Amino acid sequence: MSRNAKINALLLLAVAALAVLPLVLGLGDHKEEPFTGADTEAETAITEIEPDYEPWFSPLYEPPSGEVESALFALQAALGAGVLAYYFGLRRGRRQGEERALAAAGAAAARDTPEGD
């Protein structure tokens with residue numbers, strides 16, 4: 001197994017552990033909703049500190065259910081991943097094209113020079 005393959009396997013194992021360990025260890029068992037989002041956690045903390053707090057802004061769009069909200073979040077993540085994949089693929093393709101052009105130019109220069117020099 002190559003060094004890069006070992007690193008990739010370790011990273012994949014770390015990601016899997018981060019996803020599974022909170023569920024296995026029961027880290028959210030003491031809460032009514034164990035794995036709520038950061039917005040809900042922040043709202044709960046603010047309400048405990050200052051019960052009369054009024055938000056400055058309201059959301060532009062309030063999804064009708066949690067499932068729709070989750071679907072929109074997943075769509076946003078997929079679009080972001082697509083944009084990043086396109087960007088990195090474009091960079092790699094350009095770099096490979098430059099390397100091929102340099103190799104072709106080097107081969108052409110080697111053919112054009114006389115061997116006696």
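The values are calculated or read from the model by the stated rules, or taken from the named source; none is laboratory data. Note that the structure is predicted; figures quoted are calculated from it, not measured. Neighbour counts run over all protein chains shown; Cβ positions are idealised from the backbone, glycine included. Just so you know, the surface numbers come from the protein's heavy atoms only, side chains and all, with ligands and any DNA or RNA stripped out. Shrake-Rupley method; radii C 1.70, N 1.55, O 1.52, S 1.80 Å.
Scanning the chain for DSSP H helices at least 18 Å long along the axis (C-alpha atoms) with a Kyte-Doolittle mean no lower than -1.0 picks out 3-25, 66-112. Loop exposure criterion: GluC sites (Glu not before Pro), DSSP state outside H, G, I, E and B, at most 15 other Cβ atoms within 10 Å. Applied to the chain, the longest stretch between such sites is 33-114. Provide the FRET efficiency to the nearest 0.05 for the Arg94-Asn4 pair, computing r from the beta carbons and using R0 = 30 Å. With R0 = 30 Å, the Cβ-Cβ based efficiency is 0.85. For the stretch 32-98, carbon and sulfur atoms together expose 61% of the accessible surface, with a 1.4 angstrom probe and every protein chain in place. Over the residues of the chain, the helix contribution to mean residue ellipticity at 222 nm works out to -25000 deg cm²/dmol, using -39500 (n - 2.57) for each DSSP H run of at least 4. Rolling a 1.4 Å probe over the heavy atoms of the protein chains gives the stretch 19-105 an accessible area of 93 Å² per residue. For the chain, the Stokes-Einstein estimate of translational diffusion at 4 °C and a viscosity of 1.567 mPa s comes to 62 µm²/s, using the Kirkwood hydrodynamic radius over alpha-carbon pairs.
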